[in-house]
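Trainee: First the structure, then my questions, so here it is.
The values are calculated or read from the model by the stated rules, or taken from the named source; none is laboratory data. Note that the structure is predicted; figures quoted are calculated from it, not measured. No Cβ is skipped: glycine too gets one built from the backbone with ideal geometry, and neighbour counts run over all protein chains shown. The protein model used for the area step is the full one, side chains on, heavy atoms only, and it has no ligands, DNA or RNA in it. Shrake-Rupley method; radii C 1.70, N 1.55, O 1.52, S 1.80 Å.
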Amino acid sequence: MNTATIARRRGVLFPSLRLAATALVIVLALAGMGCSSLTLPSPSEQPVEPLREQPTEDLATEADGYWKADNYPLAELLYSRLLERTEIERSQKLLALDRLAQSAYKAKHYYQAKQALDRRAGMDKAALGTWPWHELYIRTIAALNRQDLLDTHQAWIMAHTELPFDVRAHAIVLLSEYGTRGGDYARGMDTLAELHRQGQDAAAKTLLEGLYATSLLDIPDEQLAGLVRAAGGAGRSKVFPHAVIQREAARRGLRAAAGSSAIPAAIPAVTAAAASSEISLPGTLLAQNASRTQSDQPQALVPSVSPAGDGATRVALVLPLTGRFASTGQKVLRGAGAAQKRLAKQGRKVEITVINADSADWREQLAALPAGVATVGGPLLNVEGLKALAADGTISRRAVFAFQPDLGTVQEGRQAWRFYPSFQDQARALIDLTANKLGIRSVAILAPRNRYGQRMAEVFAAEAKAKNVRIAGNETYPPDDHPRWIHSVSKLLKVPDGFRRNKNMPLPMPDFGAVFMPEDWGQAELLASNFHFFEGQHLLFLGTDLWSVGLDNAKDVDDTYFQQAACPGAWWPETGGGRALQAVMDEQNQGQADFWVALGFDFVRLAARLGLAPGFTPQDVNARLAALKDLDYSMAPVRWNAEGIASQSLYLFTPRKEGKALVDPDGMRASIQKSKDRREKRLVMSREIQKTKKAGGSGSLTQDVKD
């Protein structure tokens, strides 16, 4: 053992001996003073700092953030902690209970959900007069497999006639669905009939009939067969709910007669009786006068029977099957075909007519289709084509759902409808991220001088203004003149003129935290490098769905300039709907799913649910769209308001070397802060060097080189 090693060990040993000796002296001294019972910490123990409780306001903010990010397990945890605080106000407690119940249910913690629902009703009896509370309560106790609680709740709903009738109707229809799944057909039908008798007027009865008719659309054939057996024959064709059950049986039985699917034997037995009775009238409900037409129905979602008499839903698709976008059209068609086969297995026949949008006479082909083809998907990304359909009157005779982000001069919800992410959908998703999840309230826009770039810039600015987000700068650049891009970036960042002569000059921090760049992915890669030249590494770069599409097809992405970046998109294969679609594609040997496949798949299933027939009005379509629920989208979900305006809840992605990943707002916020801290340190260092220089340095911001 060498001398250095011995010295090092002694350096450790001797201080330890000294500490031990000192401790022993102190203990002996205390013992001599009568303090021998005192417990002392050992010399190696460190004092423990008491944990500080997170402020209630911060806890509430954090819980809300996880809730808005759909992170339900963490939202459940934080809302339960928030409810332990005694200082929160009553309104905040009610909101926390609502979100705790929903978060726990979605996290499959059903006991926690029920406890929160019970507490919510106990604190505010008004909750019992709302459908959302009852829906979550019924679904929760059903998930707990508590048939006793389901029975008790059904009896409670029937006894409390003072509740709003629409709440009672929704609740009893949902309870009947669970009863049907368990094979208890007769009791559910009796309860529905009793509630129907309690309806105070035709509007109330119509509402109940429409809700129940809608609930029957997607039940399996075996369950419908059980309901048919319980409903009896034609003698009850004008009694609710028996008549509505027979009508659904007739719809499926007519398909069976056409040989499109195998329907249980009990269903065709009632077909003739049902077809000869009042219930064969398309779209007419029992509570209404039989002379009223479908266009008179307020929100009746009873499926219509096609004029051809075979119960099929007839749809046209206008897609490019040749030319530049042929591969895209073929993908949409593959998705539509997959949906058609899936619906056929469920006993629901859909006929699809495909028109090549690349043909010169595609509009004439569409106009020549039978009147029974009431629903049209497309044209695909063709605003001029949609305008032509408006000019020749086609869109007044058929419900056209355009596959494009902007309908131009065509009025959405009145002349046509949208089934595609809009510019507004994209801007809303980005503004929500910057303002609500990252706290960035000042943004800038750098757009190319072309039609797309300027339109997207306008929409983004409008959405920002609506959310009180400041537009700190708005610059443009020539899209094809790359050398001039740096001048536009310099102007946006307000770079001083002196920086050109002295690249070491410290640049002021820009007065915005994010930059919106409506470009395709290839151009955006070049554009972002200019910001880094001016020390813009802390900025959040925002793109459009063009980034998302480009990243889907990119390999080995260089994400150097995009450590903080986000772009919207309607397709992510890892969602439940995305995986379900891929399973269907695998089953049918249809290849890989993507957004375009999902578009076709979801549209055909939407058309089947709407069940439009000739004679519809825009008001009919809007009512059906607004009431549409529980369509298991494979792409990002689409919702329509009462005016028929669509909105799509898009996903947000960030570029990564392997392509893209979902945005992590918390991680992104931390990354932005680190970049800002580094920038601030550089600014401080630069200012110090500037002071040294003025005090007599060499005139350079770097140290003098001495000979």
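Trainee: Please give the per residue accessible area of the range 48-195, computed with a probe of 1.4 Å over protein heavy atoms only, in Å².
Mentor: Numbers: 7830 Å² over 148 residues.
With the other protein chains kept in place, the range 48-195 gives 53 Å² per residue.
Trainee: Also: When the C-alpha atoms of the range 468-600 are aligned to their principal axes, what extent does each axis show, in angstrom, from largest down?
Mentor: Principal axes ranked by extent give 65, 34, 23 Å for the Cα atoms.
Trainee: How large is the Rg to Rh ratio of the range 358-483 when both quantities use alpha carbon positions and Rh follows Kirkwood?
Mentor: Values: Rg = 18.6 Å, Rh = 16.9 Å.
Radius of gyration over Kirkwood radius for the range 358-483 works out to 1.10.
Trainee: Using 0.36 nm per residue, how much length does the chain from A661 to D481 gain when fully extended, once their Cα-Cα distance is taken away? Could the numbers behind the result be given before it?
Mentor: On the way: separation 180, 0.36 × 180 = 64.80 nm, distance 3.11 nm.
My answer for the length gained is 61.7 nm.
Trainee: Which whole-percent values make up P(r) of the range 179-221 when all C-alpha to C-alpha distances are grouped in 10 Å steps starting at zero?
Mentor: Histogramming the range 179-221 at 10 Å steps yields 26, 51, 21, 2 percent.
Trainee: Quick check: residue separation of A126 and D392 times 0.36 nm, minus the Cα distance between them. What number comes out in nm? Walk me through the intermediate numbers first.
Mentor: Details: separation 266, 0.36 × 266 = 95.76 nm, distance 5.26 nm.
Using 0.36 nm per residue and subtracting the Cα-Cα distance, I get 90.5 nm.
Trainee: Can you give me the % of accessible surface on the range 432-500 that is carbon or sulfur? Probe 1.4 Å, all protein chains present, nothing else counted.
Mentor: Details: 1660 of 3480 Å².
Here it works out to 48 percent.
Trainee: L317's amide H: which non-local residues (gap 5+, or another chain) put their own amide H closer than 5 Å, with H modeled 1.01 Å from N in plane and none for Pro or chain starts?
Mentor: Here the answer is T353, V354, I355, G377, since their amide H atoms fall under 5 Å of that of L317.
Trainee: Right, something else. As an exercise, use a Förster radius of 41 Å and the Cβ-Cβ distance of H532 and A155 to find the FRET efficiency, rounded to the nearest 0.05. Don't skip to the answer; put the middle values down first.
Mentor: Working: r = 68 Å, r/R0 = 1.65.
Plugging the Cβ-Cβ distance into 1/(1 + (r/R0)^6) gives 0.05.
Trainee: Give me the Debye-computed log₁₀ of I(q)/I(0) at q = 0.22, 0.23, 0.29 Å⁻¹ for the range 577-628, equal point scatterers on Cα only, no solvent, two decimals.
Mentor: Debye curve over Cα of the range 577-628, log10 I(q)/I(0) at q = 0.22, 0.23, 0.29 Å⁻¹: -0.80, -0.84, -1.09.
Trainee: Can you tell me which of 58-64, 672-678 comes out highest on packing, and rank the rest after it, using the mean Cβ neighbours within 10 Å? The partial results should precede the final answer.
Mentor: Working: 58-64: 16.7, 672-678: 14.7.
So the peptides 58-64, 672-678, ranked by packing, come out 58-64, 672-678.
Trainee: Now a separate question. May I ask you to give the percent of accessible area on the range 514-571 that is carbon plus sulfur, with a probe radius of 1.4 Å? All intermediate terms of the calculation are to be shown ahead of the outcome.
Mentor: Values: 870 of 1820 Å².
The C+S portion of the solvent-accessible surface of the range 514-571 is 48 percent.
Trainee: So if I average 1/r over every pair of distinct C-alpha atoms in the range 560-678 and take the inverse, what Kirkwood radius in Å does that give?
Mentor: On the way: mean 1/r = 0.0592 Å⁻¹.
Computed over Cα pairs of the range 560-678, the Kirkwood hydrodynamic radius comes out at 16.9 Å.
Trainee: Okay, next question. Just order 524-536, 97-109 by mean Cβ neighbour count inside 10 Å, highest at the front, would you? Before the final figure, lay out each step's value.
Mentor: Working: 524-536: 18.8, 97-109: 21.2.
Averaged packing, sorted descending, gives the order 97-109, 524-536.
Trainee: Still on this structure, I have one more. Compute the accessible area per residue over the range 508-607, keeping the other protein chains in place, probe 1.4 Å, unit Å².
Mentor: On the way: 3410 Å² over 100 residues.
Normalised by residue count, the accessible surface of the range 508-607 is 34 Å².
Trainee: Testing the spin-label approximation: label points 7 Å from Cα along Cα→Cβ at K693 and R579. State their distance in nm.
Mentor: 5.8 nm
Trainee: A follow-up question, please. Once a ≥ b ≥ c are taken as the square roots of the eigenvalues of the Cα gyration tensor of the range 314-376, is the result rounded (a/c under 1.5), prolate (a/b larger than b/c) or oblate (a/b not larger than b/c)?
Mentor: Values: a/c = 4.22, a/b = 1.29, b/c = 3.28.
Cα axes put the range 314-376 in the oblate bin.
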